[in-house]
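These notes concern the structure reproduced below.
What follows is calculated from the coordinates using simple rules that are stated; it is not laboratory data. All of these numbers come straight from a predicted model, not from anything done at the bench. Every residue, glycine among them, receives a Cβ derived from its backbone with ideal geometry; neighbour counts consider all protein chains shown.
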Amino acid sequence: MMIKSMLVAATALVAFGAAAPAFAGESLDAIRERGSLICGVNTGLSGFSAPDSEGVYAGLDVDVCHAVAAAILGDASAVEFVALTAQQRFTALQSGEVDILSRNTTWTLTRDTALGLNFAGVTFYDGQGFMVPKELGVTSALELSGATVCVQPGTTTELNLADYFRANDMDFDAVVIESFEEVNAAYFAGRCDVYTTDASGLASIRSTVAPNPDDHVILPELISKEPLGPVVRHGDDEFFDIVKWVVFALIEAEEKGITQANVEEMLGSDDPTIARLLGSTEGMGEALGLSEDWAYNAISAVGNYGEIFERHVGVDTSLGLERGINDLWTRGGLMYAMPAR
Amino acid sequence: MTQVTDTTPQDEGERPPALSVGPLGWMRANLFNTWFNSALTILILWILIETIPPLLDWVIFSAVWGDVGPEPCRAGEGVGACWSFIHEKGRLILFGLYPSAEQWRPMLVMVLFIGLVAASARRELWSRNLAYAWGIGAVVMFVLMYGGVFGMEYVSNTQWGGLPLTLGLSTIGLVVAFPLGVILALGRRSNMPAVRSICVVYIELIRGVPLITVLFMASVLFPLFLPTGVTIDKLLRAQVGMILFAAAYLAEVVRGGLQAIPKGQYEAAESLGLGYWRKMRLIILPQALRISIPPLVNTFIGFFKDTTLVIIIGLFDLLNAAKAALTDREWAGFYMEGYLFCAIIYFVFCYSMSRYSQNLERKLQTGHARR
């Protein structure tokens, strides 16, 4: 079979000499023809995209792909997952190996422009934070002058730390440790006063690694912005719109109280916003080039945004994250869906 | 070591002193013959006593076994290895993302594969039929892995993983790379300048970069040269990269063997009127390959372990699947167990290869080997 795919590839290469590929940029057609969505995910990041004990991918980023597949194909299980490393992910998307990249990728200007990508919304707002032992009595990151900080070497974590302390005219000693386990051990053994990494990471380290989670506090300041969301290629606006509006639909559903359980009865709702979203009032699906039940399919497959969050990363999971800035705008968070009309 | 022992009862006075024969005598002669050796013996004994019981305790006696979840492993001090982690994640480590309902298929593939390898290890079975068996076996294994026929569900190769992937990548890699390596080695010793320079450039170019770079090129750079929408299977790209890499190394090993063959052998073959290919096939290569067995197996073992580098292109080979299993927050921290489990599997395969090659060397030796 491997030989067969080699032959197919060779034929495709030869064919390319004669004619430009007819399907470039036509992601939607390609997905429909194939009957499945190819989704690039992380090789293993608990809560976002990681294989479970049965080898089935699960997580917040994974459910975004399930929702998109449900909206386009009406079948949430019609997703093929491709595990990608941090180095591979953009090439895989650019070269068309995957249709959509849903792999805890931070939305930045250069990625959005020079790399030829389109970020279709934000599904998780992360940011670098600080954790300190409660007994130090520190309540704000601005009181950390002179502290010893445990940090993993990495492109941005270390730089953000240095930038933040310099900008606020404070000193610090960095204890830089490569391995995740060792940096945890160093912090909990008291080798440093402060531990810094992404806030979602801090919360889960506190809940799973700390001998006593109540002895540690995560300070309110986030010193970097890490908005994570699904990404598609430049130049295919139709598919870009679909992914964007599936994300909005999941958020809107939470705002309107539509859940996986009640989406059936919500079809008969009098609320015009709900009727438009779920397709009881026609028009939205057609505008996206999908069937009218696109949002209904997505929500009945994975639930609304809040349900996805609670299922994979929320307080009852092993990550144990609060909604925080990932709450709806109506409750003081940043999740805001554009009106579907 | 059979000794004829005199069993006639002896008087007390006729027996040699207890300290010069038997186990005590042996210990005195070998372990305590000088003060330095005595000190070393005592030191080593002390180290063993200090390390072995805690290790056994950790691995076996205090370990947590069975399907009990992560809680008993976190019960506190004195709890040993958490083998319930392997119980829970063993499936993921061994078979990666392969759908669990279809798990019997990779399992059957492994049984078939190990059966074929075991059959090939017996020299009396070496015949044309064995080659046919491998050919049919390979087709059956691919059909089982992919499915899509005979009512088996189709499983895309993006879902392959674990041990079948590790074995597949290394076996296919070596089987294809070996003849390529032989040809490259012959090419490098060829009298034709064009052939020779192509082979030299190829070998030196590939050997000049790390395998991780070759894989990276294959998985990250290569797709950028293709038009959008045209993609070549990720697994295939990795496999081709590994074949090209292994071939360059094998070529140098084989060339070492070729250089060890005396010039007289070449001349003798030529005086028999053999052409180049028959000379190589009948006279030179059989001798050259035989003396290359130790470095060849060395390369095989290295290559088998190098397959773990596919981690950088997101394939779930045995080690990467174990790493993925370790990312589960519920089971966070059981690194020792996960890596030990993989290490044992790798050891079993590498050690078998090594033992078999020693065996083969003994059987094939015709005068080169030193006793």
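Here is the list for the stretch A:171-210: GluC sites (Glu not before Pro) lying in DSSP coil, each with at most 12 other C-beta atoms within 10 angstrom of its C-beta, are A:Glu178. Against the longest alpha carbon principal axis of chain A, how many degrees, from 0 to 90 and to the nearest 10, is the axis of helix A:60-73 turned? That works out to roughly 10 degrees.
When each full DSSP H helix of chain B is screened for a Cα extent of at least 24 Å along its own axis and an average Kyte-Doolittle hydropathy of at least 0.5, the helices passing are B:35-56, B:104-121, B:128-146, B:162-188, B:234-259. Entry note, chain B: the mean residue ellipticity at 222 nm calculated from DSSP H runs of n ≥ 4, each adding -39500 (n - 2.57), is -20000 deg cm²/dmol after division by the residues and rounding to the nearest 500.
Between A:Leu267 and B:Arg355, the simple spin-label model (points 7 angstrom out along Cα→Cβ) gives 6.4 nm. Spacing of the modelled spin labels on A:Met170 and B:Glu50, each 7 Å from Cα toward Cβ, amounts to 4.4 nm. Remark: C-alpha extents of the stretch B:174-241 on the principal axes read 44, 24, 21 Å, sorted largest to smallest. In straight-distance terms, cross-link reach from B:Lys263 covers every one of the lysines whose alpha-carbon lies under 26 Å from its own, apart from those fewer than eight places away in the same chain; here that gives B:Lys279, B:Lys363. Put a plus charge on the Cβ of each Lys and Arg, a minus charge on the Cβ of each Asp and Glu, and nothing anywhere else: the dipole of the protein assembly as shown about its Cα centre is then about 5000 debye.
Summary: within chain B, the longest segment free of chymotrypsin sites (Phe, Trp or Tyr not before Pro) located in DSSP loops with at most 12 other C-beta atoms within 10 Å is B:155-371. Short-range pairs are left out: with C-alpha atoms under 8 Å and at least six residues apart, the relative contact order of chain B is 18 percent. When the stretch B:293-371 is described by a simple charge dipole with +1 on each Lys and Arg Cβ and -1 on each Asp and Glu Cβ, the residue from B:Ser357, B:Phe334, B:Ala322 located farthest towards its positive end is B:Ser357. The lysines within cross-link reach of B:Lys89, meaning a Cα-to-Cα straight distance under 20 Å and a gap of 8 or more places when in the same chain, are B:Lys323. The magnitude of the dipole of the stretch A:128-224, with charges of +1 and -1 set on the Cβ of Lys/Arg and Asp/Glu and taken from the Cα centre, is near 140 debye. Shape of the protein assembly as shown from its Cα gyration tensor (a ≥ b ≥ c, root eigenvalues): rounded if a/c is under 1.5, otherwise prolate when a/b > b/c, or oblate? Note, shape of the protein assembly as shown comes out oblate.
With bins 20 Å wide beginning at 0, the percent of Cα pairs of chain A falling in each bin runs 28, 52, 19, 1. Shown for chain B: cysteine residues without a partner Cβ closer than 4.7 Å, namely B:Cys199, B:Cys342, B:Cys350.
A P(r) calculated from all alpha carbon pairs of the stretch A:188-325, with 10 Å bins opening at zero, reads 10, 31, 25, 19, 11, 3, 0 percent.
Its relative contact order, with pairs defined as Cα atoms under 8 Å and 6+ residues apart, puts the stretch A:96-172 at 22 percent. Note on chain A: lysine pairs with Cα distance below 29 Å, sequence gap of 8 or more or different chains, count 4.
Working value for chain B: equivalent-ellipsoid semi-axes of 43, 38, 21 Å, each the square root of 5 times a Cα gyration tensor eigenvalue, largest first. Placing unit charges on the Cβ atoms of the charged side chains and taking the dipole of the stretch A:128-224 about its Cα centre, the candidate lying farthest along the positive direction among A:Ser140, A:Ala162, A:Ser200 is A:Ser200. In the protein assembly as shown, a dipole from Cβ-located charges (positive for Lys and Arg, negative for Asp and Glu) runs towards its positive end, and of B:Cys199, B:Phe245, A:Pro220 it is B:Cys199 whose Cα lies farthest in that direction. When only C-alpha pairs under 8 Å and at least 6 residues apart count, what is the relative contact order of chain A, in percent? Averaging sequence separation for qualifying contacts and normalising by length gives 21 percent for chain A.
Look at A:Asp193, A:Asp271 and count the other Cβ atoms within 10 Å of each Cβ; fewest to most, that gives A:Asp271, A:Asp193.
Loop-located chymotrypsin sites (Phe, Trp or Tyr not before Pro) in the stretch A:20-89 (DSSP state not H, G, I, E or B) with no more than 16 neighbouring Cβ atoms inside 10 Å: A:Phe23.
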